[in-house]
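The values are calculated or read from the model by the stated rules, or taken from the named source; none is laboratory data. This is a predicted model, so every value here is computed, not measured. Cβ sites come from the backbone with ideal geometry, for glycine too, and all protein chains shown count toward neighbours.
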Amino acid sequence: MPEGTIHLSALMCGQHRSEVITKIKEKLKQNQQSDQKKPIRVISTQLVEAGVDIDFPVVYRALAGLDSIAQAAGRCNREGKMSEPGTVIVFNPPRHPRIGLLRKAADTTRSLFPVIKEDPLAFHVFEKFFSELYWKANSLDLKQISGLLTSRDCEFYFRTAAERFRIIDDDTQRSVLVRYGEGDKLIDLLKTIGPNRILMRKLQRYTVNIYDNDFINMLQQGKVEEIYPRIYALVSGLDYSPLTGLNCDEVRFDPEGYFVEERREDGA
């Protein structure tokens with residue numbers, strides 16, 4: 001994308017995301033008050049689909065669950081200040097979502113294309129979408145929670161269901177403290193004095209959750225260290241970008257790229 005494109009994702013800590021969202025809103029406000037409109041481009045994950053109040057004239061959304069598409073569309077002409085309706089374009093991405101709920105939701109939306117005639121957000125379309133996604137796709141209930149809440153001689157296993165239920169599976173994600181802004185000093189302070197309630201509350205704004213395999217890779221590469229039992233942090237700020245957040249990708253070191261060829265006058 002062109003230079004100046006703004007990025008938003010869950011690989012950015014809470015403080016970083018808040019600052020970027022404030023910057024976006026300021027740019028949008030300046031555009032509304034100016035006769036010379038400047039393009040404002042934002043690339044984001046599903047992060048903006050809940051609790052982020054921004055308003056764009058055009059929204060592009062990769063094919064996903066119909067509910068996610070509706071949420072993304074809610075960021076188009078959100079405030080109704082345009083003289084004409086905004087534009088929402090749904091496109092087929094080059095890669096499929098991860099296997100699981102996201103892919104199943106996208107496939108369910110794709111299967112509804114023959115049903116969608118005029119309004120893709122009509123009630124009967126959503127009714128069919130959720131019916132197929134949740135009631136026909138039993139594979140979503142991997143831990144068989146629904147069976148525990150189905151009456152068998154008036155017996156319900158609420159405690160077992162509560163123990164199995166997780167909105168986000170903690171076993172697949174790890175929290176990492178990142179060296180962004182004030183987070184750099186707070187991490188060093190944590191290493192010096194140890195955790196306390198006030199300090200840990202401040203550090204929540206400088207935390208990023210990553211998948212377990214990414215965490216293990218970063219730990220093996222020496223990018224992450226355990227600064228206190230079960231508390232992990234970035235070793236340096238080199239692995240956190242002010243544009244895109246935490247960098248989980250493995251960077252291979254090429255020593256030849258650091259050699260400089262020097263020629264002397266004697267030809268050596």
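What residue, of LEU219, LEU186, LEU199, is surrounded by 12 or more Cβ atoms within 10 Å (Cβ to Cβ), within 30 Å of LEU101 (Cα to Cα) and either touching a helix residue (DSSP H, G or I) at 6+ places or on another chain (Cβ under 6 Å) or modelled with pLDDT of 90 or more (or both)? Just a single option satisfies the conditions, and that option is LEU219.
Of the residues VAL251, VAL176, only one is modelled with pLDDT under 90 and closer than 27 Å to ILE6 by Cβ; which? Talk me through it step by step, then tell me what you get.
On the way: VAL176 fails: modelled with pLDDT under 90.
After ruling out the rest, the residue left standing is VAL251.
Of everything in the stretch 112-134 that is part of a loop (DSSP other than H, G, I, E, B) and among the acidic types (Asp, Glu), the residue that is farthest from LEU102 (Cα to Cα) is GLU118. Among the residues making up the stretch 1-49, those that are of a type in the set (S, T, N, Q) and either under 24 Å from TYR180 (Cα atoms) or touching a helix residue (DSSP H, G or I) at 6+ places or on another chain (Cβ under 7 Å) (or both) are THR5, SER9, GLN15, SER18, THR22, SER44, THR45, GLN46. The single condition among (1) in a helix (DSSP H, G or I); (2) exposed (fewer than 13 other Cβ atoms within 10 Å of the Cβ) that LYS81 does not satisfy is (1).
The residues listed here are ILE40, ILE69, ILE24; of these, the one that is modelled with pLDDT of 90 or more, surrounded by 14 or more Cβ atoms within 10 Å (Cβ to Cβ) and not in a helix (DSSP H, G or I) is ILE40. All but one of (1) farther than 30 Å from GLY237 by Cβ; (2) exposed (fewer than 12 other Cβ atoms within 10 Å of the Cβ); (3) without any contact (Cβ under 8 Å) to a residue 12 or more places away in the chain hold for GLN32, so report the exception by its number. The number of the failed condition is (3).
Considered as a group, the residues in the stretch 202-216 that are closer than 17 Å to SER236 by Cα and hydroxyl-bearing (Ser, Thr, Tyr) include one that is surrounded by the most Cβ atoms within 10 Å (Cβ to Cβ), and that residue is TYR206. Number of residues in the stretch 88-104 that are over 17 Å from the mean Cα position of the chain (by Cα) and surrounded by 13 or more Cβ atoms within 10 Å (Cβ to Cβ) equals 3.
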